[in-house]
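First the structure, in the form of structure tokens, and then the observations on it.
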Amino acid sequence: KEYALENSYSPDVFYNHNSESVYRGALIGGGVIQNKTSIYFENYIFADYISKELFSYDFINNSLIVLPLPDNFSSYISSLIVNPSKANSVIVSTGVGDIIEIDLP
């Protein structure tokens, strides 16, 4: 136990799993936007399966924001990739088998 504590590092990024308004519990990995023309350049975009939320972590400013999903979006996000063809877009698959492109605000 002492060895593990002495050789462990705190995470650089984390988000709260429990709050009064939402329960989060399953991080769905995404990717870092590398397109220099994107307003999300060097942001890590990821989702939470349980809460149906989309997040952006800004490495430069060490900030985390929740991004809005489209109004008609009702399913769970089961996977997420950064869209290689558009600067401010991700592609997600859902719990019901849909593949959806989401334009980031």
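The values are calculated or read from the model by the stated rules, or taken from the named source; none is laboratory data. Since we're looking at a predicted model, the values are computed, not measured. A quick note on method: Cβ atoms are made from the backbone with ideal geometry, for glycine too, and the neighbour counts reach across all protein chains shown. With ligands, DNA and RNA removed, areas are computed over all heavy atoms of the protein, side chains included. Shrake-Rupley method; radii C 1.70, N 1.55, O 1.52, S 1.80 Å.
Points worth noting:
- Filter pass, residue 57 being in contact with a strand residue (DSSP E or B) (Cβ under 9 Å, 6 or more places away or on another chain), aromatic (Phe, Trp, Tyr), buried (at least 16 other Cβ atoms within 10 Å of the Cβ) and over 16 Å from residue 105 (Cβ atoms): no
- Candidate set from segment 19-66 (those that are free of Cβ contacts under 8 Å to residues at least 12 places away in the same chain and of a type in the set (A, V, I, L, M, F, W, C)); member that is nearest to residue 89 (Cα to Cα): 41
- In segment 12-33, residue farthest from residue 62 (Cα to Cα) [restricted to those that are open to solvent by 90 Å² or more (accessible area, probe 1.4 Å) and modelled with pLDDT under 75]: 23
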